[in-house]
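Q: Here it is: the structure, laid out below.
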Amino acid sequence: MPAVLPEDLAQFDWVARSSRPLIVCDVDEVVLEFVTPFIAYLDHKGLELRPSSFRLHGNVYRRDDGTPVSDRDISASIEAFFVEQHDWQTPVASAAETLAALKRHADIVFLTAMPPRHFAVRRALLDAHDMSYPMIATEDEKGTVLHLIHGDRDTKVVFIDDIFHNLHSVRDRLPNAFLINLMANDTFRALAPHPGEKVAMAKDWNETRDLILEFLEN
Ligand SMILES: [Mg+2]
């Protein structure tokens, strides 16, 4: 499948014509591990994440002299990590099997907040782990993107993400969407504030599956 840039959302016009429910699923920390392999990547570069709050910026230090790493350098490390993601990121437990089972009940689309220039390497990585669902890579607001592809249909929509800003963005544009907060990394999940009203919380894909099936059946 070719790279999908935000202006190419016409490729997703099949969604608005479908009568099936729609599951829109984030990638990092939801179907691919991000925090855990990023900590390993930082370690490989002589850096250490000390998770004292629910963020990467401000929590990374140089191992040799203990000095903090600037926000700009952390952002550069994330960018470099995305370039090499295929060597580091692994699937979240049970993600592929659960999505394969849910495919019988709903259309599935990945919506990843990543610069579109990394589309091809992420596409190949997901394909290699049997998660070949159509993917949009964009840094636009997820609520805006989801509203564009879903339109004003009455069909049920599920949105799964680890970042509250994204969940709230979808809640603002699609008030009837069923929102699930899922985050693979135990340490960061424990540090996270409550995701807010109308957001269900799941600690793993088994809980996510049960929540989705209950929502789709009612
Ligand atoms: Mg994520």
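The values are calculated or read from the model by the stated rules, or taken from the named source; none is laboratory data. What you see is a predicted model; the values in this text were computed from it and never measured. So basically every Cβ, Gly included, is an ideal-geometry build from the backbone, and we count neighbours across all protein chains shown. All accessible areas refer to the heavy atoms of the entire protein, side chains included, with ligands and DNA or RNA removed. Shrake-Rupley method; radii C 1.70, N 1.55, O 1.52, S 1.80 Å.
Q: Among L111, L146, which is within 16 Å of D8 (Cα to Cα), in contact with a strand residue (DSSP E or B) (Cβ under 7 Å, 6 or more places away or on another chain) and in a strand (DSSP E or B)?
A: Sole residue among the options that is within 16 Å of D8 (Cα to Cα), in contact with a strand residue (DSSP E or B) (Cβ under 7 Å, 6 or more places away or on another chain) and in a strand (DSSP E or B): L111.
Q: Can you spot a residue in the stretch 114-130 that is in contact (Cβ under 8 Å) with a residue 24 or more places away in the chain, acidic (D, E) and open to solvent by 60 Å² or more (accessible area, probe 1.4 Å)?
A: Yes, because at least one residue in the stretch 114-130 is in contact (Cβ under 8 Å) with a residue 24 or more places away in the chain, acidic (D, E) and open to solvent by 60 Å² or more (accessible area, probe 1.4 Å).
Q: I'm trying to understand the selection: among the residues of the stretch 131-168, which are within 15 Å of the ligand (Cβ to nearest atom), open to solvent by 10 Å² or more (accessible area, probe 1.4 Å) and polar (S, T, N, Q)?
A: Residue satisfying the conditions is N166 alone.
Q: Oh, and also: Consider only pairs whose beta carbons are under 6 Å apart and that are at least six residues apart or on different chains; among these, list those whose first residue lies in the stretch 158-169 and is within 19 Å of I212 (Cβ to Cβ) and whose second residue is within 11 Å of the ligand (Cβ to nearest atom) and in a helix (DSSP H, G or I).
A: D161/L167; N166/K142
Q: Restricting to the stretch 205-217, give me the number of residues that are buried (at least 17 other Cβ atoms within 10 Å of the Cβ) and in contact (Cβ under 8 Å) with a residue 60 or more places away in the chain.
A: 4
Q: Enumerate the strands (runs of 3 or more DSSP E) found wholly within the stretch 15-62, keeping only those where 2 or more residues are open to solvent by less than 60 Å² (accessible area, probe 1.4 Å) and within 26 Å of M201 (Cβ to Cβ).
A: Correct list: 22-25.
Q: Suppose the filter is in a loop (DSSP other than H, G, I, E, B), modelled with pLDDT of 95 or more and open to solvent by 40 Å² or more (accessible area, probe 1.4 Å); does D73 pass it?
A: Criteria not met by D73.
Q: Of all residues in the stretch 90-108, which are in a helix (DSSP H, G or I) and within 16 Å of the ligand (Cβ to nearest atom)?
A: First, the residues of the stretch 90-108 that are in a helix (DSSP H, G or I): 95-102.
Once the filter is applied, which keeps residues that are in a helix (DSSP H, G or I) and within 16 Å of the ligand (Cβ to nearest atom), the stretch 90-108 yields A95, L99.
Q: Of all residues being without any contact (Cβ under 8 Å) to a residue 40 or more places away in the chain and hydrophobic (A, V, I, L, M, F, W, C) in the stretch 83-113, which is least open to solvent (accessible area, probe 1.4 Å)? Just the residue, please.
A: It comes out as A100.
Q: I've got another one for you. Do any residues in the stretch 174-202 that are within 18 Å of L146 (Cα to Cα) have Cβ atoms under 8 Å from those of residues that are of a type in the set (F, W, Y) and within 14 Å of the ligand (Cβ to nearest atom), where the two are at least six apart or on different chains, and which pairs are they?
A: Every condition considered, the pairs that remain are L174/F159; A177/F159; F178/F159; L179/F159; I180/F159; N181/F164; V199/F164.
Q: Another one. Anything in the stretch 114-133 that is closer than 14 Å to L99 by Cβ and either part of a helix (DSSP H, G or I) or modelled with pLDDT under 95 (or both)? List them, or say none. Before you say what the answer is, go through the steps one by one.
A: Filtering the stretch 114-133 for residues closer than 14 Å to L99 by Cβ gives 126-127, 129-133.
L126, D127, listed by residue number.
Q: Something else: Going by the structure shown, is P21 over 17 Å from E84 (Cα atoms), at pLDDT 95 or above and touching a helix residue (DSSP H, G or I) at 6+ places or on another chain (Cβ under 6 Å)?
A: yes
Q: Kindly provide the set of residues from the stretch 174-203 that are surrounded by 17 or more Cβ atoms within 10 Å (Cβ to Cβ) and of a type outside the set (A, V, I, L, M, F, W, C), ordered by number.
A: Hits for the stretch 174-203 are N181, N185, R189, P195.
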